[in-house]
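What follows is a single structure, written as structure tokens, with notes after it.
The values are calculated or read from the model by the stated rules, or taken from the named source; none is laboratory data. Keep in mind it's a predicted model, so treat the numbers as computed, not measured. Cβ: placed from backbone, ideal geometry, glycine included. Neighbour counts: every protein chain shown. For accessibility, only protein heavy atoms count, side chains too; no ligands or nucleic acids. Shrake-Rupley method; radii C 1.70, N 1.55, O 1.52, S 1.80 Å.
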Amino acid sequence: MARKKITLAYLNKDSERKASFKKRNKGLMKKVEELSTLCGVEACAVTYSEFQPQPEVWPSPPEARRVMQRFMERPEMEKTRFMQNQMSFTQQRIEKARNKLRRLQRENKRKELTIFMFQCIEGKANIGDFDVGDTCEMNVVINEVLTEITERMEKLKASGEGPSSSVAKGEEVLKAADGEGSSSAAAAGMRTEEVSEQPGFLLENENPPGFSYWNMLMSPIDGVPDFGCNNVGLNFPPDVPDSIRDAPSAPPKQAAERE
């Protein structure tokens, strides 16, 4: 059965106060004896109460007097280092509660800033609502989020599930594709060299200066006289546009040169 939580306050009823004193005084003497026996330290206990005519001393008055004398001979700093009364105990508890409250307030503030940061990223909040006084806390929040993201990326990378593995696979595919393309280009180059070596073949990049397909097509053929006529009188298919039907047989520049 769990113990009932007791409020630390003065008991107004004499009967309750007397019963609590006897119970706790007995427990106190027992704890001092256990401390001295188990840990081998010099200890004593003296209690005064309105419920007993003489003070209760443990282990005995001469031993308690010797321990107290040794304690009084110690320097003042060592005597008061761990000394505590009701007021100092209460102040210590109040300070602990204040520190806990400040820690919780700081944690809540960082959680609010984290939520606000992600809302701004998603477009659900306005950055103009940010308080400039929270700049330092926001820097801490951003650094913590970046550190967490970096750690998660490293874990995914170590397990082979991160983006680096996908990038490596993509690079392998690109390398394979580049290899195939280079091999095909090399084969095409070899075929081009073979064709160029044959007599009577002229590559496009080896055309002589002033060469144009228009001149080649419109130049007179050997053995056929050049009449210098237009396209009038030629039989074109019905689907040929009029611009082609009425076009001269040579460009204006060449026509002028012929004239």
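Computed values, structure above
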item	result
Added length on full extension, which subtracts the Cα-Cα distance from 0.36 nm per residue, residue 65 to residue 110	10.5 nm
Dipole in debye (nearest 20) - the stretch 27-149, about Cα centre, beta carbon charges: Lys, Arg +1; Asp, Glu -1	280
Accessible area expressed per residue, the stretch 1-97, with surrounding protein chains retained (probe 1.4 Å, Å²)	92
Two-site label geometry, residue 8 and residue 87: point separation in nm, points 7 Å out along Cα→Cβ	1.6
Accessible surface of the stretch 118-163, 1.4 Å probe, proportion on carbon and sulfur as whole %	55
Calculated from backbone phi, Karplus (6.51, -1.76, 1.60) coupling profile of the stretch 137-145 in Hz, x at Gly/Pro	5, 5, 4, 5, 5, 5, 5, 5, 5
Subset of 100/155; 4/111; 13/79; 31/79; 111/155; 4/30 violating a 32 Å alpha-carbon distance limit	100/155; 4/111; 13/79
Where N is the number of residues in the stretch 1-114, Cα Rg divided by 2.2 N^0.38 Å	1.53
